[in-house]
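Just so it is clear, none of the values below were taken in a lab; they were calculated from the coordinates. Worth saying up front: this structure is predicted, and the values here are computed from it rather than measured. Using ideal geometry, Cβ is built from the backbone for each residue, glycine included, and neighbour counts are taken over all protein chains shown.
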Amino acid sequence: MAILATLVASVILGQDRSFPVGKVNLSGATEVTGDPFKLQEPAGPCSVLIFLSHDCPIANRYAPEIKRIYNEYIEKKIPFYRVYLGSAEHYADTAVKHGNDYGLEFPIVLDPNKKLVEALNISVTPEVAVISKDYKLLYRGRIDDQNIEHGRVKEGYRRDLRVALDEILAGKPVSERATAAVGCFIPRD
């Protein structure tokens, strides 16, 4: 019951979040090595940050779809990063194991002080942020709208992340820049 309340709260909270305008500050996170994270200059028009948790059942259920999206768009020169909330000292092994267990082999970013979470206004896992080459947020939200609430899946769903990436690759503005993600709530300190 507590998980259901958390998931419902995350959907409600996720619907009334500001969308950062202008250049977003992506400092404060680290790589698995403990070195400061720096978004690499993408060969394509943007980069994708996917916020995950190893113990979120919804994020884990999305792992095969995340892998499919990664495999499709890495060929289009869009880099992906997995963002976890733990520190390198305490969470690096867990993040590496999570990727190995679910076939997610793209780079890991650790955000122990929730600097990226705050800068991008992320509220749940899984949730994605698409960042332009000039560090502007282009899309934030769900991977798709398959999960309408915890335990309920709808048919004929919209693949929001794919739509946003396809629009960006076509040189168009993202038609739906923010969507409410359903997932495991990220507590704010």
### For the chain, calculated [θ]222 nm from helices alone, where every DSSP H run of n ≥ 4 adds -39500 (n - 2.57)
-10500 deg cm²/dmol
### Message
If you restrict to DSSP beta bridges whose two residues both lie in the chain, what percentage is antiparallel, to the nearest 5?
### Response
70
### Task
For a label point 7 Å from the Cα of residue 176 along Cα→C-beta, name the residues of the range 39-79 whose backbone N is under 12 Å from it.
none
## Note on the structure
By the Cα gyration tensor axes a ≥ b ≥ c (a/c under 1.5 gives rounded; else a/b larger than b/c gives prolate, otherwise oblate), the shape of the range 2-185 is rounded
#### Entry: Additional length obtainable on full extension of the chain from residue 38 to residue 65, 0.36 nm per residue less Cα span
7.1 nm
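Which peptide among 57-64, 22-29 comes first, and what is the full order, when sorted by highest mean count of other Cβ atoms within 10 Å? Walk me through the intermediate numbers first.
Values: 57-64: 17.9, 22-29: 15.1.
Order by mean packing, descending: 57-64, 22-29.
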### Message
Quick check: net charge around residue 55, other residues with Cβ under 13 Å of its Cβ, Lys/Arg +1 and Asp/Glu -1?
### Response
+1
### Query
What FRET efficiency would be calculated for the residue pair residue 163, residue 18, taking the C-beta separation as r and a Förster radius of 22 Å, to the nearest 0.05?
0.50
## Note on the structure
The extension gain from residue 90 to residue 114, computed as 0.36 nm times the residue separation minus the Cα-Cα distance, is 7.2 nm
